[in-house]
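**Q** The structure under discussion is supplied below as structure tokens; questions concerning it will follow.
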Amino acid sequence: MLNDRLDECVATLDRERMAIEIIFRLRENGDDYLFWVSVHGADGQGLDPDNPLDQAHIDQAKRTKERGWTEAEPQLLLLPGPVRDAVLSWALRDHQPT
């Protein structure tokens, strides 16, 4: 669903302060597992249930998240220096709402 609505997804990134969002799919023994990896600023807004894309995202998560799912705390970000600087400066910048 998110792949089909890629432009809408990208449009939400600034509000969420999402610098990087990657979803991996693992197919194992006939089951599919999705792993979400993101780098975002601490003051980003979460999903907005009034936004149709975000509501679809919330609905999908309710159908697919494993019980006991939780967020892990990032411990390491390996990126080449210029990429790391650009990503972190964007995610951690002073945000001026528009």
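The values are calculated or read from the model by the stated rules, or taken from the named source; none is laboratory data. The structure presented is a predicted model; accordingly, all values stated were derived computationally and were not measured. When the accessible area is computed, the model is the full protein with side chains, heavy atoms only, and any ligands, DNA or RNA have been set aside. Shrake-Rupley method; radii C 1.70, N 1.55, O 1.52, S 1.80 Å.
**Q** Once the Cα atoms of helix 81-91 and of the chain are each reduced to a long axis, what angle between those two axes, in degrees from 0 to 90 to the nearest 10, is obtained?
**A** Helix 81-91 sits roughly 80 degrees off the main axis of the chain.
**Q** Helix 6-16 against the longest principal axis of the chain: what's the angle in degrees, Cα atoms only, rounded to the nearest 10?
**A** With both axes taken from Cα atoms, the answer is about 50 degrees.
**Q** Please work out how much length the chain gains when fully extended from SER89 to VAL37, using 0.36 nm per residue of separation minus the C-alpha to C-alpha distance, in nm with one decimal.
**A** Taking SER89 through VAL37 to full extension adds about 16.9 nm, to one decimal.
**Q** May I ask you to rank ASP32, ASP4 by accessible area, largest first, using a 1.4 Å probe over the protein chains only?
**A** ASP4, ASP32
**Q** Over the chain, with the other protein chains present, what is the accessible area per residue in square angstrom, probe 1.4 angstrom?
**A** Here the per-residue accessible area is 81 Å².
**Q** Take every Cα-Cα distance within the chain, group them into 10 Å bins from 0 onward, and report for each bin the whole-number percent of pairs it holds.
**A** Percent of pairs per bin, in order: 12, 42, 35, 10, 1.
**Q** If you don't mind, another one. How much solvent-accessible surface does ARG25 expose, in Å² to the nearest 10, with a 1.4 Å probe and all protein chains in place?
**A** Roughly 140 Å² of ARG25 is accessible to a 1.4 Å probe.
**Q** When the solvent-accessible surface of protein heavy atoms is calculated with a 1.4 angstrom probe, in what order do GLU16, GLU21 fall, highest first?
**A** GLU21, GLU16
**Q** Follow-up. Rounded to the nearest 500, what is the chain's calculated 222 nm mean residue ellipticity when only DSSP H runs of at least 4 contribute -39500 (n - 2.57) each, over all residues?
**A** -11000 deg cm²/dmol
**Q** Can you give me the angle between helix 52-64 and the longest principal axis of the chain, using Cα atoms only, in degrees from 0 to 90, rounded to the nearest 10?
**A** 50
**Q** Related question: Probe 1.4 Å, all protein chains in place: accessible area of THR70 in Å², nearest 10?
**A** 100
**Q** Turning to a different aspect of this structure: Could you sort HIS57, HIS40 by their accessible area in this structure, using a 1.4 Å probe and putting the largest first?
**A** HIS40, HIS57
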